[in-house]
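This report concerns only the one structure given below.
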Amino acid sequence: MSAFDVAIVGGGAIGVSIAFELAAADLRVIVLDRQQPGMEASWAAAGMLSPAPDSPRDIPLAPLGRESLRLYPEFIAAVEDESGESASYARDGALEIFAGPQGEAERDRKAAEYSLLDLAAEALPLTGARAHEKSFTPDATAALWLPQEATIEPRLLMSALLAAARNLGAEIRAGCAVTSLLSARNRCTGVVAGTEKIDAAHVVIAAGCFSAQLAGAAPPLARLLPTRPVRGQMLALRRDDFALSRVLRSAHGYLVPRRDGRIIAGSTKEEAGFEKRVTAAGIRKVLDAAIELCPALASAEIVETWSGLRPGTPDDLPILGPTGIEGLLVATGHYRNGILLTPVTARLIRDWIVQGAAGFGEFDEAAFSPLRFDRAHSPRAGTVEAT
């Protein structure tokens, strides 16, 4: 039986960043992924680093997102230094565009909301907004400047994270699906992957939308890990004589520039189960929003289309922290914010494991705890079946 300090189930940006932080703390770490690491939600993401809430349900995320955005420069510097690879991080700000007769009122409402959440936002006249990015729609009636927002290239981030974690000694296994958990005396003691038993002082479930499937192997976990897949379709555009300098977004979609000239457009939100494919209707919806936001893209080439499965939860918030089962922690359910929340999630899990506690000034542990889905705290909630 192999033995590690920490076994991490799931090799996306969340799982591998946790491995990076723990390996940097001199722990022996293994990451187990059912396929090639980084090829699910992390690979599909646009890389827009915005703590601004998409809906009222996202408001509890703002402090966590703000802290993660603050950590990003230090986190990326450490990953790039250890890996020797660039993740293409850039803090260029973003423009939120509003249209229609209520555009100014909606902009002012958003600006007031962002201010209450301590998110930097400035209402701009359209002439001022076009000084930042001149190509947005002439139908715009208002604009909001978000100077602290940033972008990263998720596929480059994954490559750098994998190299950095390996360079620090983390073992990363592809095509190694975890089928059950090991336990002894009400403590999680490792995992089973195929026919191999892997002993670990701590286990972290970071398997995205597949976390609930693992929970099915240990019935008491099912209440704590109610993740589901939410499909997002996206595409990449290119027009050789045209480029964006920063993120543009509206109520209908967003555009994220890449340094190589591509422009990433997204995204749909579909309850389609584990069916990961691109559809004509989905791509049309994304294209319509992209061209509405930036009409110059009507003549752009479509260079790539893809879809990904985000890990949704019943309240759209991540599931983070101890489970009530000694030795077992969770870092999943990040929905549309996995890349944004990568640094802060890795730091929190590291601190729970290394220091026995985690948090920062505004971190509401109860709001993200897996125990929030099992408020009754039945006796079974603190057990895991032995394997």
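All of the numbers you see were taken from the coordinates with simple rules; none came from a lab. None of the values given here were measured: they were computed from a predicted structure. Because the Cβ atoms are built from the backbone with ideal geometry, glycine has one as well, and the counts that use them run over all protein chains shown.
When Glu196, Glu113, Glu96 are arranged by Cβ crowding within 10 Å, least crowded first, meaning fewest neighbours, the order is Glu196, Glu113, Glu96.
Estimated translational diffusion coefficient (Stokes-Einstein, Kirkwood radius over Cα pairs, 37 °C, 0.692 mPa s) of the range 1-66: 236 µm² per second.
So, R0 is 22 Å and r is the distance between the beta-carbons of Asp54 and Glu304; what FRET efficiency does that work out to, to 0.05? Once the sixth-power term is evaluated, E becomes 0.35. A simple spin-label model places the labels of Thr179 and Ala367 4.1 nm from each other, with each point 7 Å out along Cα-to-Cβ. Taking the C-alpha atoms only, the angle from helix 103-116 to the longest principal axis of the chain is near 40 degrees.
For the range 197-274, what log10 I(q)/I(0) values come out of the Debye formula at q = 0.16, 0.17, 0.21, 0.27 1/Å, with one point per alpha carbon and no solvent? Results for the range 197-274 at q = 0.16, 0.17, 0.21, 0.27 Å⁻¹ read -0.76, -0.79, -0.93, -1.22. In the chain, a dipole from Cβ-located charges (positive for Lys and Arg, negative for Asp and Glu) runs towards its positive end, and of Thr345, Ala280, Ala23 it is Ala280 whose Cα lies farthest in that direction.
Mean shadow of the chain, computed from the convex hull of its alpha carbons, in nm²?
On the way: hull surface 74.1 nm².
Over every viewing direction, the Cα hull of the chain projects on average to 18.5 nm².
If one puts a single equal scatterer on every Cα of the range 141-195 and applies the Debye formula without solvent, what log₁₀ I(q)/I(0) results at q = 0.15, 0.20, 0.21, 0.26 Å⁻¹? With one equal scatterer per Cα and no solvent, log10 I(q)/I(0) is -0.73, -0.92, -0.95, -1.03. Fewest-first ordering of His132, His334 by other beta carbons within 10 Å of each residue's beta carbon gives His132, His334.
What is the local net charge at Ala201, summed over the other residues whose Cβ is closer than 11 Å to its Cβ (Lys, Arg +1; Asp, Glu -1)?
Details: positive: Arg28, Arg187; negative: Asp5, Asp199, Glu326.
Neighbourhood net charge equals -1.
Projected onto planes of every orientation and averaged, the convex hull of the alpha-carbon atoms in the range 261-301 covers 3.5 nm². Structural descriptor for the chain: relative contact order 24 percent, calculated from alpha carbon pairs under 8 angstrom and at least 6 residues apart. To the nearest ten degrees, helix 13-24 and the longest principal axis of the Cα atoms of the chain are 60 degrees apart.
How long is the gain from Arg109 to Thr195 if the chain were fully straight, where each residue apart is worth 0.36 nm and the alpha carbon distance is subtracted? The partial results should precede the final answer.
Numbers: separation 86, 0.36 × 86 = 30.96 nm, distance 5.63 nm.
Answer, rounded to one decimal: 25.3 nm.
Here the sum of -39500 (n - 2.57) over DSSP H runs of 4 or more residues, divided by the residues of the chain, equals -8500 deg cm²/dmol at 222 nm, to the nearest 500. Counting only alpha carbon atoms, the long axis of helix 154-167 and the longest principal axis of the chain meet at about 30°. Taking only the alpha-carbon positions of the range 192-348 and ignoring solvent, what does the Debye formula give for the base-10 log of I(q)/I(0) at q = 0.13, 0.14, 0.19, 0.20 Å⁻¹? Normalising to I(0) and taking log10 leaves -0.71, -0.79, -1.12, -1.19.
How big is the antiparallel share of DSSP beta bridges in the chain, given as a percent to the nearest 5? All intermediate terms of the calculation are to be shown ahead of the outcome.
Values: 48 of 69 bridges.
Within the chain, antiparallel bridges account for around 70 percent of the total.
For Gly103, what is the net charge nearby, where nearby means another residue's Cβ is under 12 Å from its Cβ and Lys, Arg count +1, Asp, Glu -1?
Numbers: positive: Arg107, Arg109, Lys110; negative: Glu96, Glu104, Glu106, Asp108, Asp139.
Summing Lys/Arg as +1 and Asp/Glu as -1 gives -2.
Taking the fewest neighbouring Cβ atoms within 10 Å as the starting point, the ordered list for Glu85, Glu21, Glu275 is Glu275, Glu85, Glu21.
If you add up the charges near Ile349, with Lys and Arg at +1 and Asp and Glu at -1, over every other residue whose beta carbon is less than 15 angstrom from its beta carbon, what do you get? Provide the component values of the computation, followed by the final result.
On the way: positive: Arg347, Arg350; negative: Asp5, Glu21, Glu67, Asp351, Glu365.
Summing Lys/Arg as +1 and Asp/Glu as -1 gives -3.
Out of every Cα-Cα pair in the range 115-155, what percent are more than 11 Å apart? Working shown, then result.
Numbers: 574 of 820 pairs.
Summing the P(r) tail past 11 Å for the range 115-155 gives 70 percent.
Taking the Cα centre of the chain as reference, the dipole from Cβ charges on Lys and Arg (+1) and Asp and Glu (-1) amounts to some 780 debye.
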